[in-house]
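For reference, the structure is listed below as structure tokens.
The values are calculated or read from the model by the stated rules, or taken from the named source; none is laboratory data. Just so we're clear, the structure is a prediction, and the values are computed from it rather than from any experiment. Cβ sites come from the backbone with ideal geometry, for glycine too, and all protein chains shown count toward neighbours. Keep in mind that these areas ignore ligands, DNA and RNA; they rest on the heavy atoms of the full protein, side chains included. Shrake-Rupley method; radii C 1.70, N 1.55, O 1.52, S 1.80 Å.
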Amino acid sequence: MEVGRKYAWSQNTASQLLSDIQAAINYLTTLPEVNPEKFGCISFCFGGHVAYLVARLPDIQVTPSFYGARITTSTPEGGEPTITRTKDIQGTLYTSFGIEDASIPQTEVDQIVGQLGKYNISHRVFRYDRYLNMGFSVSVVPVIILKRLRMLGSKCNNFLVNSSDNLHRP
């Protein structure tokens, strides 16, 4: 797992990841079965961080991000942490965290919530006390994803998948 983490953080850049996702969107919009106006991005851990980053693309209407690690402390290319880009988020963001996840302390979750509120970003933050750490997704993610997708309704038809609840809508 440590090798994967090292690769994810040292071999990717935010601009490269954003470019790759935009290229996928551009391709998908050429397909007749795809609604070009309704895209979302969903992912987990490092990918949850990437999903938070990708939420600022104009084509992304909704982003479920599961335990996005290091959002408040890093960005894949180094430099300013991804949280400093919160003001650029375009659509609705749904984030999920385990309350005792060592990778994302609750102080960092609180910082994310604070920035989302500061910039009036449409969002909902889920904190799971029954599922204490990052591994909670192994058994419950399919259920959580289905609930989230039903909740999102008509906001999004196309999802790009990369590997106490508060609701705020400006």
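Tally the residues that are part of a helix (DSSP H, G or I) and over 18 Å from S74 (Cβ atoms), restricting the search to region 11-63.
Within region 11-63, residues that are part of a helix (DSSP H, G or I) and over 18 Å from S74 (Cβ atoms) number 10.
Contact list please: Cβ distance under 9 Å, first residue in region 54-78 and under 18 Å from V125 (Cβ atoms) and open to solvent by 20 Å² or more (accessible area, probe 1.4 Å), second residue among the hydroxyl-bearing types (S, T, Y) and modelled with pLDDT under 90, pairs at least six apart or on different chains.
Qualifying pairs under 9 Å: R70/S103.
In region 28-75, what count of residues is obtained for those that are over 10 Å from the mean Cα position of the chain (by Cα) and of a type outside the set (G, A, S)?
Adding up the residues that qualify gives 22.
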